[in-house]
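The values are calculated or read from the model by the stated rules, or taken from the named source; none is laboratory data. This structure is a prediction, so every number in the text was calculated from the model and none was measured. Here the Cβ positions follow ideal geometry from the backbone for every residue, glycine too, while neighbour counts run over all protein chains shown.
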């Protein structure tokens, strides 16, 4: 079968899956959904969700010179549940997104804190991924899939997040003067309805990518089928100066479960990216994603190719069917 233009947008790495439970220094159930960052020395750090055999997740740092192999796992998790002081984490900490905040000279880690009250968005800061300062819950349950933008807009920090509402799950934007108090929430990217691949439930993938055309958002959409859920990836473009305004949104999904490691696992038919890194040229992009809630895989692309695809395969938001 000849590859389609859609398939050529992302190239799966031949070493996939690049990290599995077998790579961990002790027995775990699964390793997936990593945040990602390119460190100043050029190496790649993945902040991996590691689920133990109880079902409780912690966040562990894995480091690699080339971002593909020879991973070195830190001896202890960077963030593990601290239920005594943070009861919102009783059932685990999950799915980190990482953004460098130049104003603070620190990395911001947004992650899901999970407990009997449901998933909430928590925030931590770190300068070196050796120790973290917990800010705590910034979006109460049910909310997840959050990431900061890297700088202030009109004096305020912005965060994309995914609250659960009565009809489904959509991507919203919130503002804060201090990273602690959040308000002025507004809907940015609504889930579509009906038979669409991204109907009823969507969520942010990795942090936004700044381009000369606007902020590129990679988001996951969930389609309910008779065989279960399908998690796939789509694209949209947000305004440079007002990231709450959608310029373009693709109609088709661009990356979906195809390989055996994406289709078979604890939760089959899932590609779930939380992190990416960029090449020095500002165009090459490495996408790190959870595969079937079991392992970590890598796909590569170019930002210019994604923008070009969006220009050909999308409509302004007021023309997108609800």
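Of the residues 221, 251, 244, the single one that is more than 19 Å from residue 164 (Cα to Cα) and touching a strand residue (DSSP E or B) at 6+ places or on another chain (Cβ under 9 Å) is 251. Could you list all residues from the range 114-135 that are touching a strand residue (DSSP E or B) at 6+ places or on another chain (Cβ under 6 Å) and in a strand (DSSP E or B)? Those that are touching a strand residue (DSSP E or B) at 6+ places or on another chain (Cβ under 6 Å) and in a strand (DSSP E or B): 114, 119, 120, 121, 122, 123, 124, 125, 126, 133, 134, 135.
Is one or more of the residues making up the range 53-63 touching a helix residue (DSSP H, G or I) at 6+ places or on another chain (Cβ under 9 Å) and within 24 Å of residue 160 (Cβ to Cβ)? No, the conditions are met nowhere in the range 53-63.
Would you pick out the residues in the range 252-267 that are farther than 17 Å from residue 50 by Cβ, out of contact with any helix residue (DSSP H, G or I) (no Cβ under 8 Å at 6 or more places or on another chain) and surrounded by fewer than 18 Cβ atoms within 10 Å (Cβ to Cβ)? Residues satisfying the conditions are 258, 259, 260, 263, 264. Hey, any hits in the range 147-154 for a residue that's outside any strand (DSSP E or B), over 19 Å from the mean Cα position of the chain (by Cα) and within 21 Å of residue 314 (Cβ to Cβ)? Within the range 147-154, none of the residues are outside any strand (DSSP E or B), over 19 Å from the mean Cα position of the chain (by Cα) and within 21 Å of residue 314 (Cβ to Cβ). Considering (1) without any contact (Cβ under 8 Å) to a residue 24 or more places away in the chain; (2) buried (at least 20 other Cβ atoms within 10 Å of the Cβ), the lone condition that residue 159 does not fulfil carries the number (1).
Please go through the range 82-113 and give me each residue that is out of contact with any strand residue (DSSP E or B) (no Cβ under 8 Å at 6 or more places or on another chain) and closer than 15 Å to residue 125 by Cα, ordered by number. If the condition is that a residue be out of contact with any strand residue (DSSP E or B) (no Cβ under 8 Å at 6 or more places or on another chain) and closer than 15 Å to residue 125 by Cα, then 102, 103, 105 are the ones that fit.
All of 42, 55, 69 fail the test of being in contact (Cβ under 8 Å) with a residue 24 or more places away in the chain, in a loop (DSSP other than H, G, I, E, B), surrounded by fewer than 17 Cβ atoms within 10 Å (Cβ to Cβ) and on the phi > 0 side of the Ramachandran plot, apart from 55. Looking only at residues in the range 217-241 that are at pLDDT 95 or above and either in contact with a helix residue (DSSP H, G or I) (Cβ under 7 Å, 6 or more places away or on another chain) or surrounded by fewer than 13 Cβ atoms within 10 Å (Cβ to Cβ) (or both), the one that is nearest to residue 254 (Cα to Cα) is 235. Each residue in the range 171-189 was checked for being part of a loop (DSSP other than H, G, I, E, B) and surrounded by 20 or more Cβ atoms within 10 Å (Cβ to Cβ), and 1 pass. Among the residues here, residue 104 does not qualify as buried (at least 24 other Cβ atoms within 10 Å of the Cβ) and either at pLDDT 95 or above or in a loop (DSSP other than H, G, I, E, B) (or both).
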